[in-house]
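Let me begin by presenting the structure, written as structure tokens, before commenting on it.
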Amino acid sequence: MPWLTLIGRTRDVEEVRTRALRGACVSLVGVSNVGKTALMRRLSETRDTRGTFVYMDCNTMPERTTRAFWLTIWHALAERLASAPPIITTLLESPDATTFALHFERGLVHALETLPRPLVLLLDDFDEAFQTLEPQVFLNLRAFKDRYRDALTYVTATHREFARMPMSREQGEFVELCAPHVHYLRLMTHDDTREFCTRYAAREGITFSDADVAFVHANAGGHPGLTLAVCCVLGRETGAPTRNVHQDRVIHQVVQPRLARDPNVRIECEKIWRDLDEEERHALYDLARADAVPSLHAKHIVRESDAGYVIFAPLFADFVRRQRLTQQPHARGVYVDVDAGVAYVEGRRVEDLTDLEYRLLTFLYGRLDRVCDKYSIVENVWGQQFIDEVDDARIEKLVSRLRAKIEPDPSKPRYLISVRGRGYKLVA
């Protein structure tokens, strides 16, 4: 989805381009599917007399060896050269690493003499290559940069900052080049999400209202991969017809509990989770510690709110709660495993929930930390046909029964909170 993940990236593209054209090495950092590859490819599409951007996908390397790395770079360079020296055969026939490096540099010099400078090597998906390539590769990269100075530079794209990866002395020599210029990719704004939804709806032949856009942004938090996943689930319900506000509301209430079970939502959350290290993950278990892990702020995984630190998207926050329950069986808070149809409070399984109690709990859990009015509770727990039959007293009795099963002290609710004049909400 390159055309979608580039939405809202104009500023990022220009900032990285400007730094690279000045000869600075740039470390581009962002969690999975936030748009790093789309940005790097956009840079490589630029035809600018002020410099040449050459894209290399490190995932296309047939193996994690020195030869495979340099050959992959040369193939990328050769595509930009009108006439390239027959270096591939020479490289493949090189008897040792020293001869190989000499032949590669001969090709690099040809590229520097032929193409507009600076020559910017865009090393995409560089995480695994950084961790597995032989130390000499990094000394060579550093030596090339020192030798050709502003005529040659690198832009790397990784999920984690180099500073949060184990590194050798040789790797450190290379990282010194990028350390002054780390660029973190931002998440999409509400306006970016609107453009994303508009393009997606046009492609799929469906309609998204303003309320739909707000629903998508509220759940995905501006992460392109999660935004696409939510659009897919929501789009299956909205279809093409234009709807009124009431219909939108009903659709959102139907879709909300489905999101946590959607496989694409889970995949996106798992990718983000894998991109974080242990310190970052543990800080997400206890958000009071988030301030001590600045990388979470830099990568926009957490943000400050009036209530303290919050995770950028409710869908990912729910995923983190699931991980916390798995890793920390006695973790505090409410967790509903919608697949298994069971609920936990402070790591303890809640037994004997009736059908109505479970429906109320899952509805509130799907709208965690948001106030749900009595109308929406009746509609989602009993059904729309009971709107005129279920009164306030009946709702209050159901809430009271549920509190008796999930609250440590039902007389002083900690999780299922009454909001005077507005309704109820479930808090983590």
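The values are calculated or read from the model by the stated rules, or taken from the named source; none is laboratory data. Every value quoted in this text rests on a predicted model; they were computed, and no experiment measured them. Cβ placement follows ideal geometry from the backbone for every residue including glycine, while neighbour counts extend to all protein chains displayed.
Out of curiosity, is V390 more than 29 Å from C269 (Cα to Cα), at pLDDT 90 or above and not assigned by TED's automatic domain parsing to the domain that holds V265? No; evaluated as a whole, the condition is false for this residue. Just need a number here: residues in the range 251-265 that are crowded, with 17+ Cβ neighbours inside 10 Å and part of a helix (DSSP H, G or I). So the answer is 8. Name the residue that is surrounded by the fewest Cβ atoms within 10 Å (Cβ to Cβ), counting only residues in the range 405-428 that are touching a strand residue (DSSP E or B) at 6+ places or on another chain (Cβ under 9 Å) and of a type in the set (G, A, S). That would be S418. Contact map, the range 53-78: first residue in the same structural domain as H103 (by TED's automatic domain parsing) and in a helix (DSSP H, G or I), second residue modelled with pLDDT under 90 and among the acidic types (D, E), Cβ cut-off under 9 Å, separation 6 or more or different chains; the map is empty. Is the range 77-94 home to any residue that is touching a His at 6+ places or on another chain (Cβ under 9 Å), closer than 30 Å to E161 by Cα and at pLDDT 85 or above? For the range 77-94, residues touching a His at 6+ places or on another chain (Cβ under 9 Å), closer than 30 Å to E161 by Cα and at pLDDT 85 or above: present. Residues in the range 109-128 that are closer than 16 Å to F144 by Cβ and part of a helix (DSSP H, G or I): V109, H110, A111, L112, E113.
Residue-by-condition table, conditions (1) in contact with a Cys (Cβ under 9 Å, 6 or more places away or on another chain); (2) over 30 Å from R147 (Cβ atoms); (3) of a type outside the set (K, R):
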| residue | (1), (2), (3) |
| --- | --- |
| G172 | no, no, yes |
| L177 | yes, no, yes |
| V182 | no, no, yes |
| D191 | no, yes, yes |
| R194 | no, yes, no |
| C197 | yes, yes, yes |
| H217 | yes, yes, yes |
| P224 | no, yes, yes |
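None of D277, D262 is farther than 14 Å from F316 by Cβ and not aliphatic (A, V, I, L, M) except D277.
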